[in-house]
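Taking it in order: structure first as structure tokens, then the write-up.
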Amino acid sequence: MQMNDRRRPSIELWQTEWCPASHRVRQRLTELGLSFVARQVPVEADARTELQEATGAKTIPVLVAHDEIVCGEERIQAFLDEQFPEPPGASTQREKAAKARRKELERACPELTASTH
């Protein structure tokens, strides 16, 4: 592998921060220890010309990995599971992420956590 190859992103995720499916794909990429470039997509589907020109897709999430384009959360998750072995620390990463989500929910919804404690 040449140095220039390392600088080019080999995995790109076309997504938005507010999209739950995009969030789950980002989480899986993190669990797998994969570096990726997140390409932000406009909220309005009509404004997604860059996404459509680059991938042929109109909806998100879209993963581009090694010149392969994979559209939709379920297909992306299956592709990642087929192409990349799960590293030993993946379960620890999932546990930490779940704990962080619980804490975030507790801060956002204190009335819900009061009834469960």
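Binning at 5 angstrom from zero up to the longest distance, how are the C-alpha pair distances of the chain distributed in percent?
Reading the bins upward from 0: 2, 10, 18, 19, 17, 13, 10, 7, 3, 1, 0, 0.
For region 65-71, in order, what is each residue's ³J(HN,Hα) by Karplus, 6.51 cos²θ - 1.76 cosθ + 1.60 with θ = phi - 60°, in whole Hz (x at glycine and Pro)?
Result, ordered by residue: 9, 6, 6, 9, 9, 10, 10 Hz.
For ILE11, which sequence-distant residues (separation of 5 or more, or a different chain) have an amide H within less than 5 Å of its own amide H, given hydrogens modelled in the peptide plane?
Amide H neighbours of ILE11, under 5 Å, 5+ apart: VAL37.
Computed on alpha carbon atoms, what radius of gyration and Dmax characterise region 55-99, expressed in Å?
13.0, 37
Every number here is computed from the coordinates shown, using simple stated rules; none is lab data. Note that the structure is a prediction, hence the values are computed from the model and not measured.
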